[in-house]
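What follows draws every value from the coordinates through simple rules; no lab data is involved. None of the values given here were measured: they were computed from a predicted structure. Glycine gets a Cβ as well: all are built from the backbone with ideal geometry, and neighbour counts include every protein chain shown.
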Amino acid sequence: MKFTLGTKKNMSQVFNEQGTVCPVTVLEIGDVVVTQVKTKATDGYNAVQVGFGDRKAKNISKPVKGHLKDLGNFMFLKEFRFEEGDTTMSAYKVGDKVDQNLFVNGDTVMVSAISKGKGFQGVIKRHGFKGGPRSHGQKHCERAPGSISGGTRNGGRVPKGMRMGGRMGADRITIKNLKIVGVDVEGKQLMISGAIPGRRGTLVEIKSK
C-alpha cells in the first residue's frame, strides 16, 4: 500500500493528452515521518503512524513529546492500517521518511478529509426540503420543516432518524477512485482529479493499493 499526507491548497485545471480540460485539486505535500509501527502482536492490528507538518514545541503535550522523542514537532499524527499479509509494511521503520516518489501520474487513489463546517442549518439546506407554498396567505413558514410525526405510534415522541435542522458539515468524507494527474516533487505539489472535501489548509490522507 502506498500512502502520504498533504494539505489542500486550491483547485485548478489541467489539459490531458487528448486536449480535454480536467478539474484538479492541488495538494501541498511535505516530509512525512514514521513515528510508530504497530503490529498485531503488540497492538492488535497492523498500522504505520506518521507525523506531518510543523508546530511550536510549547503547543505539544508532554506525553506526545515523549512519544515523538526527537523525531520532530508535528502538527498532525495519522495512522494508515495495513491488511494482514501486506508485505509493504515491513519497509517502514521509525524515523524513516515516506518516499513522495511512490505516486505517479495515472495512479488511482482514495482520499479522506474533513468537510467544511457549516454550523446549524435548517431542513432546506441540510436535507433539500422544498419548503412551504408561496401563496394563500403564507407568511412566516416558507422554510419551516412542517410536521415531525409527533402523533405516530411512538406515543408522541419524535421518531428516531427524523430529518430536522442541526449541525451540518465537519464530517470525515472518503472519496474513492480519484486519479493523480500531476506530481511535482520539487515544488512539493500533488494534483488529483476532481474535488476533495475541506477548506484550504485541510489535512488530506491519500492512499492506494
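Values computed for the structure shown
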item	result
Enumeration of residues in the stretch 1-48 that are on the phi < 0 side of the Ramachandran plot, free of Cβ contacts under 8 Å to residues at least 40 places away in the same chain and surrounded by fewer than 17 Cβ atoms within 10 Å (Cβ to Cβ)	Gln13, Phe15, Glu17, Gln18, Thr20, Val21, Thr39, Ala41, Thr42, Asp43, Tyr45
Enumeration of residues in the stretch 143-152 that are surrounded by 12 or more Cβ atoms within 10 Å (Cβ to Cβ) and touching a Gly at 6+ places or on another chain (Cβ under 9 Å)	Arg143, Ala144, Pro145, Gly150
Residues of the stretch 146-185 satisfying the condition of being closer than 30 Å to Gly132 by Cβ and β-branched (Val, Ile, Thr)	Ile148, Thr152, Val158
Hits in the stretch 88-109 (condition: in a loop (DSSP other than H, G, I, E, B), of a type in the set (Val, Ile, Thr) and out of contact with any Ser or Thr (no Cβ under 9 Å at 6 or more places or on another chain))	Val104
Close pairs (8 angstrom Cβ cut-off, 6 or more residues apart or separate chains): in contact (Cβ under 8 Å) with a residue 60 or more places away in the chain in the stretch 102-124, among the small types (Gly, Ala, Ser) and not in a loop (DSSP other than H, G, I, E, B) anywhere	Phe103/Ser208; Asn105/Gly182; Asp107/Ser208; Thr108/Ser208; Val109/Ser208; Met110/Ser208; Ser115/Gly169; Lys116/Gly169
Count of residues meeting criterion [touching a residue at least 24 places away in the same chain (Cβ under 8 Å), acidic (Asp, Glu) and more than 15 Å from Lys8 (Cα to Cα)] in the stretch 171-209	1
Breaking point among (1) of a type in the set (S, T, N, Q); (2) touching a strand residue (DSSP E or B) at 6+ places or on another chain (Cβ under 8 Å); (3) under 23 Å from Leu203 (Cα atoms), for Gln121	(3)
Any hit, the stretch 52-61, residues being β-branched (Val, Ile, Thr) and crowded, with 18+ Cβ neighbours inside 10 Å	no
